[in-house]
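Okay, structure first, notes after.
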Amino acid sequence: MRRLFLQIIAGILGLWLASKFVQFLPWVTPPGVRIEVIPGQSSLFGINFTAVWQVLILIGCVFGFVNFFIKPVLKFITTPIRALTFGLFTLIINMALVWIVDVLFPELTIPGIVALFWTTIIIWILNFLLLKFHKKV
């Protein structure tokens, strides 16, 4: 349960950091990661979201659940490919999960593969640090 909570926190913080810092990278040609409220469309089960932080928490929670439940299955299925690539295929799996969340939510905009790559790296570093810190406590 704590691991799920930590992955949700890593998803929220990672997406927020990506929205703040990926836009300043010189090789990201379109503006970086954006999280915005779409009037009339940003709602879940009849609850309208009016602030960016509400949308960010929703997207981060969904990303944490995707990371917690779907990622282990994908890692198990792709074990031979990950062994052949010495674990680098895990980066592709992580990028695919971030892309899936980007497709699910029109409020989240990640333009291009470079922005997707750096968003994935930011989320992966936060996830790694939070899980390592948790094990020491």
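A short reminder: the numbers here are calculations on the coordinates, not readings from a lab. Just so it is clear, the model here is predicted, and its values are computed rather than measured.
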- Run down the aspartates and glutamates and flag those whose C-alpha is under 20 Å from the C-alpha of LYS71, throwing out any fewer than 8 positions away in its chain. ASP102
- Query: Top mean-square fluctuation among PHE21, PHE65, PHE86, Gaussian network model of the chain, C-alpha springs under 10 Å?
  - Reply: PHE86
- the chain: Cα Rg divided by the 2.2 N^0.38 Å rule of thumb: 1.07
- Show that you can apply the helix-only estimate: for the chain, add -39,500 (n - 2.57) for every DSSP H stretch of four or more residues, divide by all residues, and state [θ] at 222 nm to the nearest 500. -23000 deg cm²/dmol
- Note on the structure: GNM on the chain, Cα springs under 10 Å; top mean-square fluctuation among LEU15, LEU104, LEU58 goes to LEU104
- Which of these, ASN48, ASN67, ASN94, has the largest mean-square fluctuation under a Gaussian network model of the chain (Cα springs below 10 Å)? ASN48
